Amino acid sequence: MPRTPQYDRPAPPGYVYADEASRLTGRAIETLYKDRQKAPEDNPGPKSETLNRKAIWSLEAIEEWKRQQMNPQPNAERAAESRPPEPRRPRKTSQARRAKRSAEAYGSAA
C-alpha cells in the first residue's frame, strides 16, 4: 500500500508536492516518482524539479502535460522505428477443411 508523503511545510507558490501532483494528473504517486528516473525524452509524465531533496511539480508543467495528453503530436523519429503490419494469411474456408477431414477419414479406412 503506497504511503502518502508527509510534508512539514507547504510547497512554494506555483508548485505542488507529489500527493497534489498525483491528484491533478490522475497518476499514482509511485508512477510520478518512477517517471522522474527516466530520460527526458522517454518521460511520459509532467516535468518535475527538486527543492531541498523533495520532488516538486510546477503547476505550469502539469497543465502543459495535460494539454499534450489531450492533443498528442506524432513523433517522426519514433514512427520510423515501428514495423509495418504483417500481411494477413488467408483463412482456410470451411469447405477446404471439410474436404481435408473427409479425405483423412477415407484414407484411414482403406
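Side notes on the structure shown:
- The stretch 12-36, residues that are over 10 Å from SER48 (Cβ atoms), under 15 Å from the mean Cα position of the chain (by Cα) and not charged (D, E, K, R): THR25, GLY26, ALA28, THR31
- Of the residues ARG27, ARG101, the single one that is open to solvent by 80 Å² or more (accessible area, probe 1.4 Å) and basic (Lys, Arg) is ARG101.
- The single condition among (1) part of a loop (DSSP other than H, G, I, E, B); (2) among the acidic types (Asp, Glu); (3) buried (at least 17 other Cβ atoms within 10 Å of the Cβ) that ASP35 does not satisfy is (1).
- Set GLU49, GLU60, GLU41: member being surrounded by 12 or more Cβ atoms within 10 Å (Cβ to Cβ) and part of a helix (DSSP H, G or I): GLU60
The values are calculated or read from the model by the stated rules, or taken from the named source; none is laboratory data. None of these values were measured; they are calculated from a predicted model. We place every Cβ from the backbone using ideal geometry, glycine too, and count neighbours over all the protein chains shown. All accessible areas refer to the heavy atoms of the entire protein, side chains included, with ligands and DNA or RNA removed. Shrake-Rupley method; radii C 1.70, N 1.55, O 1.52, S 1.80 Å.
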